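Chemist: Before I ask anything, let me first share the structure, which is written out below as structure tokens.
The values are calculated or read from the model by the stated rules, or taken from the named source; none is laboratory data. Predicted model only: the values in this text are computed from it and were never measured. Neighbour counts run over all protein chains shown; Cβ positions are idealised from the backbone, glycine included. All accessible areas refer to the heavy atoms of the entire protein, side chains included, with ligands and DNA or RNA removed. Shrake-Rupley method; radii C 1.70, N 1.55, O 1.52, S 1.80 Å.
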Amino acid sequence: VKWVLIGASNIAATRLVLAIRARGDEIVAVVSGSMERALDFAAQHDIRRATTDLTDTIRAGAEAAYVSSANHLHYGQVTAAIHAGLHVLCEKPMTLRLDESEHLAALAATNRRVLAVNHHLPGSDLHAEARELVDGGEIGAVLSARIAHATLLRVDGRTWRLRGQRGGGIILDRTTHDASVLNRLLGTPVRVSAMQVAQATWNQDGGPDAAMVTIEYRDLDDRPILAQTHDAFTVTADPTRLTLHGTRGTIDVIDAMSQEPRGTIELLTAAGRRELRPPQRDPYGIVLDAFAAATTGDGQPTVTAYEGIAALRVALAAEESATSGRVVELAR
Ligand code: NDP
């Protein structure tokens with residue numbers, strides 16, 4: 001696949017450039033809002049073309065775009081990329097509003113382009129193994145899930161993410177990832193309640209940097225399942241975790257929300273405690289492999305546009321609840 005990178009971002013620099021090249025794919029251009037940043041990024045990562053004009057990338061022969069700009073720019077850039085004939089892998093959250101994301105999904109479908117969201121966790125080997133344990137009935141019927149996704153935000157990332165407006169805030173950043181995992185595991189989210197605060201002394205912008213969210217899911221038999229997430233930019237030392245309680249046992253996934261191919265699973269049942277260490281590949285490589293296959297008509301991306309929308313729906317409901325102080329019901 002010949003890629004254009006839209007967004008001279010940290011995630012592109014630290015993860016996706018490597019993962020794209022590890023597949024043998026090519027990066028033909030980088031697009032930035034600033035020519036200086038585009039040139040810097042291109043020089044650092046050995047990319048031929050640096051531009052501020054997306055239409056340039058058509059001339060560069062790109063087939064797919066990876067959009068990893070700040071969240072409020074995704075909608076316009078994905079729209080332009082699809083209009084330019086490109087398949088798109090978009091960072092999460094796909095957009096800031098549901099109607100915008102729905103419009104992009106429809107636009108991609110009309111133009112027969114693949115649109116996927118780079119939630120790297122659901123497709124990972126670790127989460128696939130956890131789902132296999134659940135589907136295999138190892139812990140019986142699932143009753144509840146807890147996600148700990150509280151880490152310390154890197155110093156150079158303390159920019160737009162900390163703003164309450166225009167795509168910042170902990171919920172759009174982390175709860176979206178949590179929802180991408182929980183939605184696939186638990187079924188249909190039906191109501192959401194949340195609180196969020198700003199705690200960090202270094203958080204000058206005052207946007208929310210920590211949140212706790214409670215979600216009620218319904219499984220295929222319409223049985224209720226409770227899920228709870230703790231998302232924060234402020235916690236210095238805590239491994240991320242996904243804990244699933246069932247009628248016959250518990251699955252504890254340690255380092256569950258990492259960008260690295262690491263993490264272990266503990267299964268606790270009446271038979272005792274069993275530790276699993278599934279072999280793991282780079283989660284971003286898995287996303288790219290499925291995306292590339294989907295562009296040739298072979299299968300689906302690891303997280304489709306519609307699954308990205310479902311994750312966003314939970315996150316936006318959490319934001320609404322945190323702002324209004326009310327429980328938000330989701331249409332089924
Ligand atoms: P960055 O802040 O590193 O980059 C976002 C944008 O900020 C860039 O596209 C760039 O704009 C601009 N920018 C970068 N450096 C500077 C600078 N020094 N001065 C001014 N502007 C700058 O964001 P992230 O890489 O952390 O996140 C990008 C996207 O990826 C977000 O949507 C985020 O939610 C998502 N993300 C996803 C992860 C995942 O695991 N799936 C993990 C981390 C982030 P321009 O392009 O105009 O140059």
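Chemist: When you go through A65, A50 one by one, which is the residue that is open to solvent by less than 30 Å² (accessible area, probe 1.4 Å), within 16 Å of the ligand (Cβ to nearest atom), modelled with pLDDT of 95 or more and under 22 Å from T302 (Cα atoms)?
Modeler: Result: A65 is the single residue among A65, A50 that is open to solvent by less than 30 Å² (accessible area, probe 1.4 Å), within 16 Å of the ligand (Cβ to nearest atom), modelled with pLDDT of 95 or more and under 22 Å from T302 (Cα atoms).
Chemist: Anything in region 68-82 that is part of a helix (DSSP H, G or I), in contact (Cβ under 8 Å) with a residue 12 or more places away in the chain and either away from the ligand (no atom under 11 Å from the Cβ) or closer than 17 Å to M35 by Cβ (or both)? List them, or say none.
Modeler: As a first pass, look at region 68-82 and keep what is part of a helix (DSSP H, G or I): 71-82.
If we keep only those that are in contact (Cβ under 8 Å) with a residue 12 or more places away in the chain too, we end up with 71-75, 77-82.
Listed by number, the residues that qualify are L73, Y75, Q77, V78, T79, A80, A81, I82.
Chemist: Condition (residue is open to solvent by less than 20 Å² (accessible area, probe 1.4 Å), within 18 Å of the chain's Cα centre (by Cα) and not hydrophobic (A, V, I, L, M, F, W, C)) applied to region 212-223: is it met by at least one residue?
Modeler: Within region 212-223, not a single residue is open to solvent by less than 20 Å² (accessible area, probe 1.4 Å), within 18 Å of the chain's Cα centre (by Cα) and not hydrophobic (A, V, I, L, M, F, W, C).
Chemist: Scan region 133-156 and report the pairs whose first residue is surrounded by fewer than 18 Cβ atoms within 10 Å (Cβ to Cβ) and whose second residue is in a loop (DSSP other than H, G, I, E, B), with Cβ atoms within less than 6 Å and a gap of 6+ or a chain change.
Modeler: Filtered contacts from region 133-156: G140/T247; G140/R248; A141/T247; L152/T236.
Chemist: Check region 215-222 and report whether any residue there is part of a loop (DSSP other than H, G, I, E, B) and of a type in the set (V, I, T). Before you say what the answer is, go through the steps one by one.
Modeler: The first filter runs over region 215-222 and keeps only residues part of a loop (DSSP other than H, G, I, E, B), leaving 219-222.
With the extra rule that they be of a type in the set (V, I, T), the set shrinks to none.
Within region 215-222, not a single residue is part of a loop (DSSP other than H, G, I, E, B) and of a type in the set (V, I, T).
Chemist: Read through the list (1) buried (at least 20 other Cβ atoms within 10 Å of the Cβ); (2) out of contact with any helix residue (DSSP H, G or I) (no Cβ under 6 Å at 6 or more places or on another chain); (3) among the hydrophobic types (A, V, I, L, M, F, W, C), then give the number of the only condition that L115 fails.
Modeler: Status for L115: all satisfied but (2).
Listed here are the residues, each with its yes/no results for (1) part of a helix (DSSP H, G or I); (2) open to solvent by 50 Å² or more (accessible area, probe 1.4 Å).
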residue: E102; (1), (2): yes, yes
residue: H120; (1), (2): no, no
residue: T176; (1), (2): yes, no
residue: M195; (1), (2): no, yes
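Chemist: If you don't mind, there's one more thing I want to ask. If you go through region 167-199 one residue at a time, how many are more than 12 Å from the ligand (Cβ to nearest atom), at negative phi and not hydrophobic (A, V, I, L, M, F, W, C)?
Modeler: Looking only at that region, the number is 9.
Chemist: Further question: Among (1) more than 18 Å from E320 (Cβ to Cβ); (2) touching a residue at least 12 places away in the same chain (Cβ under 8 Å); (3) not in a helix (DSSP H, G or I), which single condition is G164 missing?
Modeler: (1)
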